[in-house]
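Novice: My structure is below; once you've seen it, I'll send some questions.
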Amino acid sequence: MGRIDRRGFLKLAGATTLAGAVGAPYVARAQAAPKVVIVGGGFGGASAAKALRRWAPSIQVTLVEAKRSFVTCPYSNLVLAGWRTMEQITFGYDGLAKAGVTMAHDTATAIDAAGKTVSLAGGQSLAYDRLIVSPGIDIKWGAISGYDEAAAQKMPHAWLPGEQTVLLRKQLEAMPDGGVVMMAIPANPFRCPPGPYERISMIAAYLKQAKPKSKLIALDAKDAFSKKPLFEDGWKKLYGDMVEWVALSKDGQVSKVDPAAMTLETQLGTVHKAAVANVICPHYAGRIARDGGLADGSGWCPIDARTFESKLIKDIHVIGDATIAAPAPKSGFVANSMGKVAAAAAIDMLAGREPSAKTWVNTCYSHIAKDYAISVAGVFSADANGAVVEIKDSGGVSPREAADEFRRQEAIYADSWYDSITKDTWA
């Protein structure tokens, strides 16, 4: 199959994630309606809940989510640039409730796989026939020496968006012109592979406008990253010497931080002083997945990509950033797509049917400036053993040699994509 153009990709994306997702709806029989409990109300869990209600309205769907609203990781970097507000990237659950999803605003504390129940912090126990777990990530405190929850109040990670995003923005605003912003970027795997590099761009955009004597130095635990040539071209074109990226092979891996001194130390002992430090610490699957026996020794959750059922515990599907699903990235679009595939599989399995083969999609736009964006896209499926495979020539990255107007159009596409996927997930 040859490489497809953008219009063809978008048609394929729609066909693979929406049309024909379920061969036949679940039909309730004389017995009690089946119960599906979903833990986590992000892109994955919310899309799964919505899909279940749309495709099988006789199934009882309960979504467990402690927060009353969800702040998206996509577009949180634009808050740092001053181009979006926190309100603009925050979404409530009224749309899901109107669709018939029962909302349980509480924290899931334990999974009893044998008894098929989920315990909540408030004391309630929810029975399920099938469970979908979309737990997101937790920061792996201590993975960098000196970096704990207290350190994050001085050196925010801002990788769980919300208060940390606001804190980092305020620190940038308070920094005197001429100050140095330091970033620490983890090794793979981590949530949103292009995210740190879009963040570099958005901070640089703010500095260029408000603190032109300042500099950003990014210390990276890798030698390569998603869309690297495109990002580097954009940085050089738009920000010149303001941005310095230091690769692993150039002593870029941060091994220790000192929040009191505002220093970051690399593996070879180089100490960097920061006015503002953004430490993106390594992370792993959310706690309920780890405590519930769904994660292996890596801290991530192995799944059968044909259904997203856990390889460790039957009747439980795991979706989103918590999964081991390479080459599919840990992204909001992938989580949204996984939610629909898991919902379709749950409906088939509850009805005693063999789930049909599915494909799912990733599209990831990254802003380098307000009117300058780049993208990567791909379509994924499962092989006969349940491993994730990328469909050959199904997507790709933005062309490296492109006119300014092309980059401007990509920025418009990015904004449209964000509006579409958030409406698809929560509206």
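The values are calculated or read from the model by the stated rules, or taken from the named source; none is laboratory data. The structure presented is a predicted model; accordingly, all values stated were derived computationally and were not measured. As a convention, Cβ positions derive from the backbone with ideal geometry for all residues, glycine included, and neighbour counts pool all protein chains shown.
Novice: Going by what's in this entry, would TYR197 be described as of a type in the set (Ser, Thr, Tyr), more than 26 Å from LEU230 (Cα to Cα) and in contact (Cβ under 8 Å) with a residue 60 or more places away in the chain? If you could, list the steps in order and put the result at the bottom.
Specialist: Working: of a type in the set (Ser, Thr, Tyr): yes; more than 26 Å from LEU230 (Cα to Cα): no; in contact (Cβ under 8 Å) with a residue 60 or more places away in the chain: yes.
In short, no.
Novice: Quick test for you: out of SER381, SER337, pick the one residue that is under 16 Å from ALA326 (Cα atoms) and in a helix (DSSP H, G or I).
Specialist: Just a single option satisfies the conditions, and that option is SER337.
Novice: Just a yes or no: is a residue in segment 196-203 farther than 22 Å from ALA377 by Cβ and not assigned by TED's automatic domain parsing to the domain that holds LEU80? Lay out the reasoning, then the answer.
Specialist: Just the residues of segment 196-203 that are farther than 22 Å from ALA377 by Cβ, to begin with: 203.
Right, trim to not assigned by TED's automatic domain parsing to the domain that holds LEU80 and you get 203.
Within segment 196-203, one or more residues are farther than 22 Å from ALA377 by Cβ and not assigned by TED's automatic domain parsing to the domain that holds LEU80.
Novice: If you don't mind, another one. Can you find even one residue in segment 338-346 that is within 29 Å of GLU232 (Cα to Cα) and in contact (Cβ under 8 Å) with a residue 60 or more places away in the chain?
Specialist: no
Novice: Right, another one. Six or more apart or on different chains, Cβ atoms under 6 Å: show the pairs whose first residue is in segment 307-333 and under 13 Å from PHE190 (Cα atoms) and whose second is in a strand (DSSP E or B) and among the charged types (D, E, K, R).
Specialist: That search, which allows pairs on different chains as well, returns PRO327/GLU390.
Novice: Among the listed residues TYR206, TYR197, which satisfies the condition of being farther than 23 Å from VAL334 by Cβ and surrounded by 17 or more Cβ atoms within 10 Å (Cβ to Cβ)? So that I can check it myself, show each step before the final result.
Specialist: Details: TYR197 fails: farther than 23 Å from VAL334 by Cβ.
Within the list TYR206, TYR197, the selection yields TYR206.
Novice: Sticking with this one: On the given criteria, is GLY41 part of a loop (DSSP other than H, G, I, E, B), assigned by TED's automatic domain parsing to the domain that holds SER134 and buried (at least 24 other Cβ atoms within 10 Å of the Cβ)?
Specialist: yes
Novice: Would you confirm whether or not segment 274-295 contains a residue that is touching a residue at least 60 places away in the same chain (Cβ under 8 Å), crowded, with 19+ Cβ neighbours inside 10 Å, touching a Ser or Thr at 6+ places or on another chain (Cβ under 6 Å) and not in a loop (DSSP other than H, G, I, E, B)?
Specialist: No.
Novice: Looking only at segment 316-330, decide whether some residue is farther than 27 Å from TRP417 by Cβ and of a type outside the set (S, T, N, Q).
Specialist: yes
Novice: Residues in segment 250-262: is at least one in contact with a Leu (Cβ under 6 Å, 6 or more places away or on another chain), of a type in the set (A, V, I, L, M) and touching a residue at least 24 places away in the same chain (Cβ under 8 Å)?
Specialist: Yes, the conditions are met somewhere in segment 250-262.
Novice: Right, GLY123: of a type in the set (Gly, Ala, Ser) and over 23 Å from ASP415 (Cβ atoms) or not?
Specialist: On the way: of a type in the set (Gly, Ala, Ser): yes; over 23 Å from ASP415 (Cβ atoms): yes.
Judged against the criteria, GLY123 is a match.
Novice: Return the residues of segment 139-167 that are surrounded by 16 or more Cβ atoms within 10 Å (Cβ to Cβ) and on the phi > 0 side of the Ramachandran plot; say none if nothing qualifies.
Specialist: GLY146, ALA158, GLY162 - these are the residues of segment 139-167 that are surrounded by 16 or more Cβ atoms within 10 Å (Cβ to Cβ) and on the phi > 0 side of the Ramachandran plot.
Novice: Would you point out the residue of segment 398-417, among those that are surrounded by 17 or more Cβ atoms within 10 Å (Cβ to Cβ) and either in contact with a helix residue (DSSP H, G or I) (Cβ under 7 Å, 6 or more places away or on another chain) or among the aliphatic types (A, V, I, L, M) (or both), that is farthest from CYS73 (Cα to Cα)?
Specialist: Filtering segment 398-417 for residues that are surrounded by 17 or more Cβ atoms within 10 Å (Cβ to Cβ) and either in contact with a helix residue (DSSP H, G or I) (Cβ under 7 Å, 6 or more places away or on another chain) or among the aliphatic types (A, V, I, L, M) (or both), the one farthest from CYS73 (Cα to Cα) comes out as SER398.
Novice: Tally the residues that are within 21 Å of ARG306 (Cα to Cα) and touching a Pro at 6+ places or on another chain (Cβ under 7 Å), restricting the search to segment 385-410.
Specialist: Residues in segment 385-410 being within 21 Å of ARG306 (Cα to Cα) and touching a Pro at 6+ places or on another chain (Cβ under 7 Å): 2 in total.
Novice: The conditions are (1) over 23 Å from ASP371 (Cβ atoms); (2) within 22 Å of the chain's Cα centre (by Cα); (3) not assigned by TED's automatic domain parsing to the domain that holds ASP129, and SER249 fails exactly one of them. Which is it?
Specialist: Condition not satisfied by SER249: (2).
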